[in-house]
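Derivation of every value follows stated rules applied to the coordinates shown; laboratory data play no part. Given the structure is predicted, the values throughout are model-derived calculations rather than measurements. Glycine also receives a Cβ, built like all others from the backbone with ideal geometry; neighbour counts cover every protein chain displayed.
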Amino acid sequence: MSTTKEHTLRYTYYDREDEMPAQELELVKKALAAREKAYAQYSGFMVGAAVLLENGIILTGNNQENAASPSGLCAERVAVYHAGAEYPDVKMLKIAVCGGKKGSSSAVPVAPCGACRQVMAEVIRRYGRDFDVLMIGEDETVVIKASSLLPFSFEYIG
Ligand code: THU
């Protein structure tokens with residue numbers, strides 16, 4: 001017998017910075033600052049990410065491009081791997097992502113690419129905890145659970 005299921009997404013929109021909790025606003029500011037240091041030599045699209053850990057520490061990342069393009073890496077993965085390398089035993093609570101062409105910010109919220117979503121799914125499995133993704137845009141910021149961004153992520157069952 002076949003069964004059809006439905007999956008619902010729940011997310012929060014903030015269209016004013018002052019409505020955002022202070023902790024999230026701080027994370028947004030760290031992501032924006034990280035974006036300034038991105039190395040986006042080829043696309044000119046600069047992305048910044050900031051990860052908040054359970055111990056209160058914030059680690060950042062930004063996109064690192066390469067002439068051999070697949071060798072570069074997205075901001076989110078730089079930030080997540082930065083956290084994994086520095087604090088392998090500390091859970092991740094939130095990640096904020098922002099981006100835009102050099103000198104300007106994207107009007108719409110910047111959403112993580114598919115590969116970064118798969119890496120986030122691994123973080124959920126690794127620490128047994130879902131976490132918030134803050135997608136920052138000039139006009140609004142969306143907060144959504146990482147699990148909602150990739151419902152059917154790849155799992156390796158050996
Ligand atoms: N990029 C990110 O940093 N994060 C994403 O989730 C999507 C894309 C970067 C990769 C590349 O350096 C630039 O944005 C343009 O694709």
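Let me know the shape class of region 57-118, please: from the alpha-carbon gyration tensor, a ≥ b ≥ c as square roots of the eigenvalues, rounded when a/c is under 1.5, otherwise prolate if a/b is greater than b/c, or oblate. Write down the numbers at each step before the final one.
Details: a/c = 1.97, a/b = 1.34, b/c = 1.47.
Note, shape of region 57-118 comes out oblate.
Can you tell me which of 19, 122, 36 moves the most in a GNM of the chain? Springs connect C-alpha atoms under 10 Å apart.
The residue that fluctuates most here is 19.
I need the phi-derived Karplus couplings for region 95-108: 6.51 cos²θ - 1.76 cosθ + 1.60, θ = phi - 60°, integer Hz, Gly and Pro marked x.
3J(HN,Hα) across region 95-108, in whole Hz: 9, 10, 10, 9, x, x, 4, 3, x, 9, 10, 4, 5, 8.
In the neighborhood of residue 60, defined by Cβ-to-Cβ distances under 10 Å, what is the net charge if each Lys or Arg adds +1 and each Asp or Glu adds -1?
Values: positive: 30, 35, 37; negative: none.
Surrounding charge for residue 60 is +3.
Two decimals is fine: what is log10 I(q)/I(0) at q = 0.14, 0.19, 0.23, 0.27 Å⁻¹ for region 16-91, from a Debye sum with one equal scatterer on every Cα and no solvent?
Listed by q, the Debye log ratios stand at -0.48, -0.78, -0.98, -1.15.
So if I place +1 on the C-beta of Lys and Arg and -1 on the C-beta of Asp and Glu, and nothing else carries charge, what would the dipole magnitude of region 42-158 be about its Cα centre? I want it in debye, nearest 20.
Working: 10 positive and 12 negative charges, 25 e Å.
Its charge dipole is roughly 120 debye.
Spelling out what I want: for every residue of region 53-61, take phi, set θ = phi - 60°, compute 6.51 cos²θ - 1.76 cosθ + 1.60 (Karplus), and round to whole Hz; glycine and proline get x.
Karplus values, whole Hz, x for Gly and Pro: 9, 4, 7, x, 7, 10, 10, 10, x.
Roughly speaking, what is the centre-to-centre gap between region 1-24 and region 88-158 when only Cα atoms are used, to the nearest Å?
12
Relative to a virtual label point 7 Å from the Cα of residue 86 in the Cα→beta-carbon direction, which members of region 103-127 show backbone nitrogen distances below 16 Å?
none
Between residue 130 and residue 26, what is the label-point separation in nm under the 7 Å Cα-to-beta-carbon projection?
2.5
Do the sum for the chain: with -39,500 (n - 2.57) for every DSSP H run of n ≥ 4, divided by all residues, what is the mean residue ellipticity at 222 nm, to the nearest 500 deg cm²/dmol?
Working: 4 runs with 44 residues, N = 158.
Helices in the chain give a 222 nm mean residue ellipticity of -8500 deg cm²/dmol.
With a Cα-only, solvent-free Debye model of the chain, what are the log10 I(q)/I(0) values at q = 0.09, 0.15 Å⁻¹?
Here log10 of I(q) over I(0) equals -0.29, -0.77.
Set Lys and Arg Cβ to +1 and Asp and Glu Cβ to -1, take the dipole of region 2-158 about its Cα centre, and tell me which of 48, 73, 12 lies farthest positive.
So the residue we want is 73.
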